[in-house]
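To keep things clear, I will list the structure first and then write my remarks on it.
Read the figures in this text as sums done on the coordinates, not as results from a lab. Values in this document were obtained by computation on a predicted structure and should not be read as measured data. Here the Cβ is made from the backbone with ideal geometry for all residues, glycine too, and neighbour counts use every protein chain on show.
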Amino acid sequence: MFEDIVDKVFANQLYLTIAAILAGVMLFSLMKKLFKLLLIAVLLVILGAAYISYTSDDPVGATKDLLEKGKETIDDLQDRKDDLKDMLDQVQ
């Protein structure tokens, strides 16, 4: 069934032209959406950096402190996971 449709599209020049135009429009639409998404992501990064720079005397230090807090949280969660795993092993 699918092969029949493909054969008809490639056999008729008009169908092939319409399919190419539709594919081009879909590709263009996808590229526009990806560009908008990229633009929004870059804008958010710039706004975040501007906010940190504006609200903090030492933006590099503030960023390092934030990363350190994140690492401590991850380490704490891993310790809790290990403790829970040990408790489950003792129960079994």
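Given points 7 Å out from each Cα along the Cα-Cβ axis, report the SER56 to MET1 separation in nanometres with one decimal.
Between SER56 and MET1, the label points sit 5.9 nm apart.
Determine by what factor the alpha-carbon radius of gyration of segment 1-55 differs from 2.2 N^0.38 Å, reporting the quotient. Please report the intermediate quantities before stating the final value.
Values: Rg = 21.2 Å, N = 55, 2.2 N^0.38 = 10.1 Å.
Cα-based Rg divided by the globular estimate yields 2.11.
Pick from ASP65, ASP79, ASP57: which residue has the top mean-square fluctuation in a GNM of the chain where Cα pairs under 10 Å get a spring?
ASP79
Which of the listed residues, PHE28, ILE52, THR17, is farthest toward the dipole's positive end in segment 1-87, when Lys, Arg count +1 and Asp, Glu count -1 at the beta-carbon?
Toward the positive end, the furthest listed residue is THR17.
Determine one quarter of the surface area of the Cα convex hull of the chain, which equals its mean projected area, and express it in nm² to one decimal. Mind showing how you got there, number by number?
On the way: hull surface 54.8 nm².
Answer in nm², one decimal: 13.7.
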